[in-house]
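Colleague: So that we are looking at the same thing, I have put the structure below in structure tokens.
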Amino acid sequence: MAEPSSVSSENAWVGKVESSFSDNGLDPDDEDSDYQETYKETYKDRRRRAHTQAEQKRRDAIKKGYDDLQSIVPTCQHQDFSLGSQKLSKAIVLQKTIDYIQFLHKEKKKQEEEVTTLRKDVMALKIMKINYEQIVKAHQDNPNEGKNQVSDQVKFNVFQGIMDSLFQSFNASISVTSFQELSACVFSWIEEHCKPQTLRDIVIGVLQQLKSQLY
């Protein structure tokens, strides 16, 4: 008969404990639920905060990039009076940057062409230098060779006589009414008055005239 009494005592104790939790608003299952909910909210907040920070860094990096372009590209620094004191938009900054890069490419190509031309000039000068050195050396080896050569003045007189004769026909044949007519007349004059036989006759005539003057 003692067993039913002890069972009833246990049931009474369990009931008291549950009543105590109920009176105090405490439920083990409810505590676990609140903890999980709090953890979930905290995780979401952390993800949201990390996403916000990453987005802010991205925007700051883009803004710094545009600010750097404005400080580097000269055309972005020039005041545009049509815009007044307004800040340049991102589209304008990008377009001005593209235009400036294209300008730099053209300048680079132009400089490369100038360098190529200068290199050719240097090469030509080196060749001329070598030829002049050979002429000087040949003259030093044969100092009496140039005694019978004509003077520079005589060479100039020959050149002047040839040019004077050509200019007479050039002046009589060329019209300068327009550039188109000038071009046409020049080609006609070359075909008519600069034939090899014509030039040969002019040179012979100039040489005979100078020969009669010298002797």
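The values are calculated or read from the model by the stated rules, or taken from the named source; none is laboratory data. Values in this document were obtained by computation on a predicted structure and should not be read as measured data. Please note: Cβ atoms are built from the backbone with ideal geometry, for glycine as well, and neighbour counts cover all protein chains shown. These area figures cover heavy atoms from the full protein model, side chains too; ligands, DNA and RNA do not enter into them. Shrake-Rupley method; radii C 1.70, N 1.55, O 1.52, S 1.80 Å.
Colleague: Which order do you get for Glu55, Glu133, Glu191 if you rank them by accessible area with a 1.4 Å probe, largest at the top? If you can, show how the numbers build up before the last one.
Modeller: Details: Glu55 50, Glu133 95, Glu191 130 Å².
Descending order: Glu191, Glu133, Glu55.
Colleague: Give the shape of the stretch 107-215 as rounded, prolate or oblate, defined through the alpha-carbon gyration tensor: a ≥ b ≥ c are the square roots of its eigenvalues, a/c under 1.5 means rounded, and otherwise the shape is prolate if a/b is larger than b/c and oblate if not. Numbers along the way, then the final one.
Modeller: Working: a/c = 3.44, a/b = 1.04, b/c = 3.31.
It is oblate, given that a/c is not under 1.5 and a/b is not larger than b/c.
Colleague: Also, quick follow-up: In whole Hz, what ³J(HN,Hα) sequence does the stretch 125-135 give by Karplus (6.51, -1.76, 1.60; θ = phi - 60°), x for Gly and Pro?
Modeller: 5, 5, 5, 4, 4, 4, 5, 5, 5, 5, 5
Colleague: What spacing in nm lies between the two simple spin-label points modelled at Ile72 and Lys57, each 7 Å away from Cα in the Cβ direction?
Modeller: The two pseudo-label positions are separated by 2.2 nm.
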